[in-house]
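What follows is a short report on a single structure.
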């Protein structure tokens, strides 16, 4: 148990505070997702603090990346290995609090100013970018399928429905999963 009595590691409250503040700071630098800050996490946790070995850090990231779920799960695994459940809390809250707060504030501001020329122009400019990213993702996902006709039709239909309707993407993901599970693609 750690000194706070919640997990296997031996971090005290000051060390957990350091862990939290470091992940809080990294969250603001995580353009492209939390995984982009993994080198700095490794430098801090392994090199500077010595809380994990290089092999333990790498195994933590690999384990989380192999598990289903959001990409950010590796932060929780690192937190657990460093400080038990308190470490999970420190790393996840540190990572998610700034980005979530900024996203909520930006969404609220955008909604309040939705008629402003800048917001309308930004929204209009994001539409082709989003479609382009969807097409690029579809092309990457088609590579293992060998560009089979069924896979191409599934991706094309998904992109068209996302562009032309307001259907929730969860339904399209479920459709793709069902087709894949049935051996259709």
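The values are calculated or read from the model by the stated rules, or taken from the named source; none is laboratory data. Please read all numbers here as calculations on a predicted model, not as lab measurements. Quick reminder, even Gly has a Cβ in these numbers, built from the backbone with ideal geometry, and neighbours come from all protein chains shown.
If I filter segment 148-161 down to residues being under 21 Å from residue 123 (Cα atoms) and without any contact (Cβ under 8 Å) to a residue 12 or more places away in the chain, which single residue comes out as surrounded by the fewest Cβ atoms within 10 Å (Cβ to Cβ)?
Within segment 148-161, the match that is surrounded by the fewest Cβ atoms within 10 Å (Cβ to Cβ) is 160.
For segment 102-115, which residues satisfy the criterion of being assigned to a loop (DSSP other than H, G, I, E, B) and loosely packed, with under 12 Cβ neighbours inside 10 Å? Please lay out each step first, then the result.
Pass one, segment 102-115, residues assigned to a loop (DSSP other than H, G, I, E, B): 113-115.
Listed by number, the residues that qualify are 114, 115.
On the given criteria, is residue 147 under 30 Å from residue 19 (Cα atoms) and over 20 Å from the mean Cα position of the chain (by Cα)? Before you say what the answer is, go through the steps one by one.
Details: under 30 Å from residue 19 (Cα atoms): no; over 20 Å from the mean Cα position of the chain (by Cα): yes.
Judged against the criteria, residue 147 is not a match.
Give me the pairs: first residue in segment 162-185 and free of Cβ contacts under 8 Å to residues at least 24 places away in the same chain, second residue in a loop (DSSP other than H, G, I, E, B) and surrounded by 12 or more Cβ atoms within 10 Å (Cβ to Cβ), beta-carbon distance under 9 Å, and six or more apart or on different chains, which are they?
176/185; 178/184
For residue 50, only one of the following conditions fails: (1) modelled with pLDDT under 90; (2) farther than 20 Å from residue 89 by Cβ. What is its number?
Every condition holds for residue 50 apart from (1).
Just to be sure I understand the filter: pairs with C-beta atoms under 7 Å, separated by 6 or more residues or on different chains, first member in segment 24-52 and closer than 15 Å to residue 78 by Cα, second member modelled with pLDDT of 85 or more and part of a loop (DSSP other than H, G, I, E, B). Which pairs pass?
What qualifies is 34/72; 45/51; 45/52; 46/52; 46/53.
I need the full set of residues from segment 15-35 which are within 18 Å of residue 102 (Cβ to Cβ) and surrounded by fewer than 17 Cβ atoms within 10 Å (Cβ to Cβ), in order please.
Within segment 15-35, 21, 25, 28, 29, 31, 32, 33 meet the criteria.
Name the single residue, out of those in segment 150-168 being in a loop (DSSP other than H, G, I, E, B) and under 23 Å from the mean Cα position of the chain (by Cα), that is modelled with the lowest pLDDT.
Only one residue fits best here, namely 168.
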